[in-house]
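> Here it is, the structure, as structure tokens.
The values are calculated or read from the model by the stated rules, or taken from the named source; none is laboratory data. Because the structure is predicted, anything quoted here is derived from the model rather than measured. Note: ideal-geometry Cβ built from the backbone for every residue, glycine included; neighbour counts use all protein chains shown. To get the accessible areas, we keep the full protein, side chains included, count just its heavy atoms, and leave off ligands, DNA and RNA. Shrake-Rupley method; radii C 1.70, N 1.55, O 1.52, S 1.80 Å.
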Amino acid sequence: MLRFDILTLFPGLFCGVFEESIVRRALDMGLVEINVHNIRDYAPGKHRITDDAPYGGGGGMVMKPEPVFLAVEAVLGHPVASKEALEVPVILLTPQGRLFRQEVAAELALLPRMILICGRYEGFDERIRTHLATDEISIGDYVLSGGEIPAMVIVEAVTRLLPGALGDPLAALKDSHADGLLEYPHYTRPAEFRGLRVPEILLSGHHAEVERWRRREALRRTWERRPDLLGRARLTEEDRQFLRELGADV
Ligand code: 6GU
């Protein structure tokens, strides 16, 4: 069982997204637990203020440290003496974090639980980074207004890796990126659609030939579209030979 605790100023955004699909299945099967907590509930004072102007001036607002620290402590059930002593990873979602890749999803899928903190406004008070977060993750090089959609992305990518989450236990291994390559092309019936034929090899029934074709198409597609991925992919000597024929320097 993997437990996610998501800390956000907009808990309503999470209604619905986990109600469908793989995550719903995993929740029903008891493979995951997802708790969404409103950071505002932990903001002291009548007005429950969660942000303030930055010291030193300049535009924008900054997330105050206290509500975030109190929310994490409430979830853990004890005060945080130091982040080094934390037994649960506290992951800050920020464009400045390490890039979320399939390997990171696989790493997180091995954990028993984690706390995801969604940022809003112009950023977090730096003390949240330095004295509370054990990790910082970004989902890509583009700007989002908050960490909520990144948190959804992480929950979905991690959950589908949990044993039993996918109907087909081998499906996760075949996915794009699972072995560092893009997926080969897929076809289904009919064999001819508006004059467009399915590649003959797929109709041949020669299993080994089909596998060879698929591997080559995955390599070709990765070379054509994402040559940057080839450096990290797991490649055999035969793979390298084929890529060299395409002009790759591997
Ligand atoms: Cl984790 N947060 C925000 N605000 N923007 C992002 C991101 C995260 N990852 C990519 N862009």
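> Pull out a ≥ b ≥ c, the square roots of the eigenvalues of the alpha-carbon gyration tensor of the stretch 102-161, then state rounded if a/c is under 1.5, prolate if not and a/b is larger than b/c, and oblate in the remaining case.
oblate
> How far is it, in nm, from the label point at Asp175 to the one at Glu84 when both lie 7 Å from their Cα along the line to the Cβ?
3.5
> Ignoring ligands, DNA and RNA, how do Asp52, Asp141 rank by accessible area with a 1.4 Å probe, largest first?
Ranked list, largest accessible area first: Asp141, Asp52.
> Hey, another quick one. Is it possible to state the helix-based mean residue ellipticity at 222 nm for the chain, with each DSSP H run of 4+ residues giving -39500 (n - 2.57), the sum divided by total residues, to the nearest 500 deg cm²/dmol? What is it?
-9500 deg cm²/dmol
> Any idea of the accessible area per residue across the chain, 1.4 Å probe, to the nearest Å²?
57
> While we're looking at this one, here's another question. What distance in nm separates the simple spin-label points at Ser145 and Phe10, each placed 7 Å from Cα in the Cβ direction?
Between Ser145 and Phe10, the simple spin-label model gives 0.5 nm.
> For the stretch 176-246, which whole-number percentage of the solvent-accessible area (1.4 Å probe, protein heavy atoms only) is attributable to carbon and sulfur atoms?
48
> So, one more: Where Rh is the Kirkwood radius over the Cα pairs of the chain, the temperature 10 °C and the viscosity 1.306 mPa s, what D in µm²/s does Stokes-Einstein return?
76
> Grab the beta carbon distance between Ile201 and Glu20, set R0 = 45 Å, and tell me the FRET efficiency rounded to 0.05.
The pair Ile201/Glu20 has a calculated efficiency of 0.80.
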